[in-house]
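> Submitted below is the structure of interest, expressed as structure tokens.
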Amino acid sequence: MVLPRSGPAVQGLPLHCFPLQGLSAAAMGALLLASAGKHFRDPGFFRDVVPEYLCRVDPQPGLTREPQHPLAVLSRDEWIAVSGLLELAAAVGILLPPTRKLTATALTGMFIAFLAGHIDALVRAYGPEGSPRRRKIHSLRLPLQAPLILWAWSLRKPASPGCPPGCRP
């Protein structure tokens, strides 16, 4: 990443002329890498945000099989592992300028899809089996999705390669 030189040569340049998108993409990549690692180190942290309707229930021997939701193709632990792998792939893809726009678009969609899990977890936290701790956790986790969605979307814009003094956005 090329950093702008300090001094008179950069005075008066608009903020969009600096390589902030690369720095933002690196920060998003670091966040995704940390989150992906947490999926495998502490999968229990993510258990509540996997909606029940997505979770396959394996039949018990001797019991009749209940109909399942069409999206219930993986177990809860498998969903957690798959989302961790997706975040790991996104951490790499967001760092590479040629794949950044596609990765940012996919990340935006992934974060929007995760809203369903966060809403479901919040509803269950306020249900009969909820606890004050779970209510607090999920009340904090849900609003964090909006800045993540906006941040991922913002990384779709091509980086400005550099602007001469007085350039316009």
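> What list of ³J(HN,Hα) couplings, whole Hz, do you get for the range 79-87 from phi and the Karplus terms 6.51, -1.76, 1.60, once you set θ to phi - 60° and write x for glycine and proline?
Taking θ as phi minus 60°, the curve returns 4, 5, 5, 4, 5, x, 5, 5, 5 Hz for the range 79-87.
> What order, most packed first, do the peptides 141-151, 117-127 have when packing is the mean number of other Cβ atoms within 10 Å of each residue? Please list the in-between numbers first.
Details: 141-151: 14.4, 117-127: 17.1.
Highest-to-lowest ranking by the protection proxy: 117-127, 141-151.
> Here's another thing I want to ask about it. How would Arg47, Arg76 rank on accessible area, largest to smallest, probe 1.4 Å? Before the final figure, lay out each step's value.
Numbers: Arg47 95, Arg76 35 Å².
Descending accessible area places them as Arg47, Arg76.
> Ignoring ligands and nucleic acids, what accessible area does Ser35 show with a 1.4 Å probe (Å², nearest 10)?
30
> When N is the residue count of the range 22-101, what does its C-alpha Rg come to as a fraction of 2.2 N^0.38 Å?
Ratio of Cα Rg to 2.2 N^0.38 Å: 1.42.
> Amide H neighbours of Leu74 under 5 Å, counting only residues 5+ apart in sequence or on other chains, H built in-plane at 1.01 Å?
It is Arg56, by chain and number.
> On to the next question. Per the Kirkwood treatment, what hydrodynamic radius in Å, one decimal, follows for the range 19-68 from the mean inverse distance over all distinct Cα pairs? Before the final figure, lay out the partial values.
Details: mean 1/r = 0.0700 Å⁻¹.
It is 14.3 Å.
The values are calculated or read from the model by the stated rules, or taken from the named source; none is laboratory data. All figures in this text were calculated on a predicted structure; none of them were measured in a lab. Note: ideal-geometry Cβ built from the backbone for every residue, glycine included; neighbour counts use all protein chains shown. Accessible surface is based on the protein model in full, side chains and every heavy atom, while ligands, DNA and RNA are left aside. Shrake-Rupley method; radii C 1.70, N 1.55, O 1.52, S 1.80 Å.
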